[in-house]
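None of the figures in this text is laboratory data; all of them are computed from the coordinates on show. Source: prediction; values computed, not measured. Using ideal geometry, Cβ is built from the backbone for each residue, glycine included, and neighbour counts are taken over all protein chains shown.
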């Protein structure tokens, strides 16, 4: 190899020397159920709330793909789900298996987050802002976990635990897009609650966003 060729290689951008494999994506719409009337916001023991109650978070669904080589990392980073204005920050949080969720309380009153779901049963106890470090809960198994506040019964949310590193949540209309997926054929999943579930095979092609149709009845 002559000197000119060596100099040319040295001048090439690092991105060209170690190019990332091309990825693709998938987009579609989950048919979300109609929104129902929310419960009246009250404090269970005193009957009143000292602060302003915000609007309940809009219903959303979780979406993810499963397949060979898509399992989550051994130690996923912690994820935060706060309570503010006497509501959960979101109605649906999707996390990979093994993830830890932190539950900060940003209201002036006590909250108590618990779940009776089979996937994960827990009760973090009552706590105020800065009274102690926000509680942490680790979700080891895949499945749907319904969250409630024992003190404020109108507060509802869910943690969807998935065995994948590729996941997202829909917007309030049910639309979603997953990008940066390795090419291949996988199983696409979507879930709104314990009974509203969808799944279908999907083929991801490099440099392409695949459109899917999730109008089949929930299983």
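Worth pointing out:
- Computed [θ] at 222 nm, deg cm²/dmol, the chain (DSSP H ≥ 4; -39,500 (n - 2.57); rounded to nearest 500): -1500 deg cm²/dmol
- Stokes-Einstein diffusion for region 21-211, with the hydrodynamic radius set to the Kirkwood value over Cα pairs and evaluated at 37 °C in a medium of 0.692 mPa s, equals 186 µm²/s.
- Euclidean distance of C-alpha centroids, region 176-219 and region 120-145, integer Å: 30
- Each of the peptides 58-67, 161-170 was scored by the mean count of other Cβ atoms within 10 Å over its residues; in descending order, highest first, they stand as 58-67, 161-170.
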